[in-house]
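Read through the structure below, which is laid out as structure tokens, and then see the notes.
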Amino acid sequence: MSIPSDIPDPRLSAPSALRNREAIAGVLRDRLPASGLVLELASGSGEHVIHFARQMPHLLWQPSDLSEKARQSIAAWTAEEGLDNILPPLTIDAAQPDWPVARADAILCINMIHISPWEATQGLMAAAGRILPLGGLLALYGPYRRDDRPIEPSNADFDADLRRRDPRWGLRRLEEVVACAEQHGLVLDRTVEMPANNLSVLFTRRAG
């Protein structure tokens, strides 16, 4: 279904999403379940979930975002592509305890942790520990600081820019994110080096 020319196009486009979507999909293909619901937190423009749903039609995808403009964009992209394995986007504030999802077989969160207060990460881990089944996947993507190596110059510049925009933002220490996850029964499986000094960070729910 195309958007009439006399109506403003609500679809947003993020250049970074177009650059990294295939690399992220390559990691997810090996780890997502054969069937079930994948909840994407902070879906942004919706271009990631569109790409993943097209490539992995055996899964049902649940996008979400706190921004109304983002939700409108997700809905418009979904309608344009005609995909029937994407549910209408939900409003989810990661920092809040009550999420409108009781269960998900996997959770995906791309480029949120460094552009949100730390409370959003804490809320994400608490929710993942609550709504994922045993063995369920939590997949994160983005840039991180790591204690065992110096920060890359491009990431250092990005971190400084984020903190200027909002002092609650900034690249998180991977070790701190892992420790937060462990408090909610999530165990780090592996990290995958990604283009442009990003990481895919994969957790599995191992405890109740």
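The values are calculated or read from the model by the stated rules, or taken from the named source; none is laboratory data. Since we're looking at a predicted model, the values are computed, not measured. Positions of Cβ are backbone-derived with ideal geometry, glycine not excepted, and every protein chain shown enters the neighbour counts. Heavy atoms of the whole protein, side chains included, go into the accessibility calculation; ligands, DNA and RNA do not. Shrake-Rupley method; radii C 1.70, N 1.55, O 1.52, S 1.80 Å.
Remind me, relative contact order of the stretch 60-118 in percent, using alpha carbon pairs under 8 angstrom and six or more residues apart? List each step's numbers first, then the result.
On the way: 43 pairs, mean separation 21.1, N = 59.
This gives 36 percent for the stretch 60-118.
Arranged from highest to lowest average of other beta-carbon atoms within 10 Å per residue, in what order do the peptides 162-168, 105-111 appear?
Output ranking for 162-168, 105-111: 105-111, 162-168.
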So Glu22 and Arg54, fully extended at 0.36 nm per residue minus their Cα-Cα distance, gain in nm 10.4 nm
Once Ile151 and Ala196 are pulled to full extension, the length gained, defined as 0.36 nm per residue separation minus their Cα-Cα distance, is 14.9 nm
Of the stretch 113-145, those with amide N under 17 Å from the point 7 Å along the Cα→Cβ vector of Ala95 are 113-127
Toy charge model, Lys and Arg Cβ at +1, Asp and Glu Cβ at -1: the stretch 117-208 dipole around Cα centroid in debye, rounded to 20, equals 240
Counting sequence-distant residues (5 or more places) and residues on other chains, those with an amide H built under 5 Å from that of Gly136 are Arg205
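Counting only protein heavy atoms and using a 1.4 Å probe, what share of the accessible area of the chain belongs to carbon plus sulfur, as a whole percent? Mind showing how you got there, number by number?
Working: 5210 of 9850 Å².
Ligands and nucleic acids excluded, carbon and sulfur give 53 percent.
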In cubic angstrom per residue, the convex hull of the stretch 6-104 built on its Cα atoms measures 106
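Is it possible to state the helix-based mean residue ellipticity at 222 nm for the chain, with each DSSP H run of 4+ residues giving -39500 (n - 2.57), the sum divided by total residues, to the nearest 500 deg cm²/dmol? What is it? The partial results should precede the final answer.
Details: 6 runs with 74 residues, N = 208.
Helices in the chain give a 222 nm mean residue ellipticity of -11000 deg cm²/dmol.
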Per residue convex hull volume, Cα only, the stretch 136-208, in Å³ is 95
Rounded to two decimals, the Rg over Rh value of the stretch 90-189 from Cα coordinates and the Kirkwood Rh reads 0.98
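With an 8 Å Cα cut-off and a minimum separation of 6 or more residues, compute the relative contact order for the chain in percent. Let's see the in-between values first.
Values: 388 pairs, mean separation 38.6, N = 208.
Dividing the mean separation by the residue count of the chain yields 19 percent.
Highest mean first, what order results for 144-156, 189-201 on Cβ atoms within 10 Å? List each step's numbers first, then the result.
Details: 144-156: 12.9, 189-201: 15.5.
Highest mean packing first, the order is 189-201, 144-156.
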Note on the chain, DSSP bridge orientation, antiparallel percent to nearest 5 equals 50
Listed by chain and number, the residues whose amide H is under 5 Å from that of Gly36, excluding neighbours fewer than 5 places away on the same chain and using placed H, are Leu60
In vacuo Debye sum over C-alpha of the chain, base-10 log of normalised intensity I(q)/I(0) at q = 0.11 Å⁻¹, listed in q order, is -0.50
Protection proxy (average C-beta count within 10 Å per residue), highest first, orders 89-101, 70-82 as 70-82, 89-101
